[in-house]
1. Is the shape of the range 88-147 rounded, prolate or oblate, going by the alpha carbon gyration tensor and its root eigenvalues a ≥ b ≥ c, with a/c under 1.5 for rounded and a/b larger than b/c for prolate?
2. In sequence order, what are the phi-derived ³J(HN,Hα) couplings for the range 22-28 according to the Karplus relation 6.51 cos²θ - 1.76 cosθ + 1.60 with θ = phi - 60°, rounded to whole Hz, with x for glycine and proline?
3. What does the C-alpha gyration tensor say about the overall shape of the range 3-155? Classify as rounded when a/c is under 1.5, otherwise prolate if a/b is larger than b/c, or oblate.
4. Under a Cβ-Cβ cut-off of 10 Å, what is the net charge of the residues other than Gln27 that fall near it, where Lys and Arg count +1 and Asp and Glu count -1?
5. Arrange the following residues from fewest to most other Cβ atoms within 10 Å of their Cβ: Ser127, Ser47.
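Please treat every number below as a calculation from the coordinates, not as lab data. Since we're looking at a predicted model, the values are computed, not measured. Methodologically, a virtual Cβ is constructed for each residue, glycine included, from the backbone with ideal geometry; neighbour enumeration extends over all protein chains shown.
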Amino acid sequence: MARGQARRMIRLERVVGSLPADFPLLQAEARAGGYKMLDTLAAEWTSGRTRFDRPGEALYAAYYGATFAAIGGLTVERLVPGGFRMRRFYAFTAYRRAGIARRIAAALLDGIAGPRRIVTTNAAAGSEPFWESLGFLPDRRNGWTHTLAAAASDLNAPAAGV
């Protein structure tokens, strides 16, 4: 399938109220792979601790056609005044390298007020090339692995294989 066709098949929905119906399947796949970030997301969502509802924050579910394929969010970064942090990104293995996580990241950055912001992430093992393809630079301080100081429009250019 051509990249343009795949891009049109990706639909993002902002998550409010409850996590997507198929979230437990994504959570189980992540857990089976040794990743616990979706367990943290579920616990913090249920408790109300993190609902991605402060100014600039958002949590998106991505659908490939009608199928739930990925999730990712952005929260305020408490250690960087005016900064944000990418959190809880995970895509079903079957939907990786289709541009879905990239679309989530671009949508999240588009929602940040102001032309340029510092954005951090704590890249899960193996995801470093993804974050670096988006312009994040290695920066191992304060519990994160990468930082980005870029405008959201910087992510709108397609990158091969991401």
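1. Cα axes put the range 88-147 in the oblate bin.
2. 8, 4, x, 5, 5, 4, 5
3. Working: a/c = 1.36, a/b = 1.19, b/c = 1.15.
Taking the square roots of the gyration eigenvalues as a ≥ b ≥ c, the range 3-155 is rounded.
4. Values: positive: Arg31, Lys36; negative: Asp22, Glu29, Asp39.
Net of charged neighbours comes to -1.
5. On the way: Ser127 19, Ser47 9.
In order of increasing Cβ crowding within 10 Å: Ser47, Ser127.
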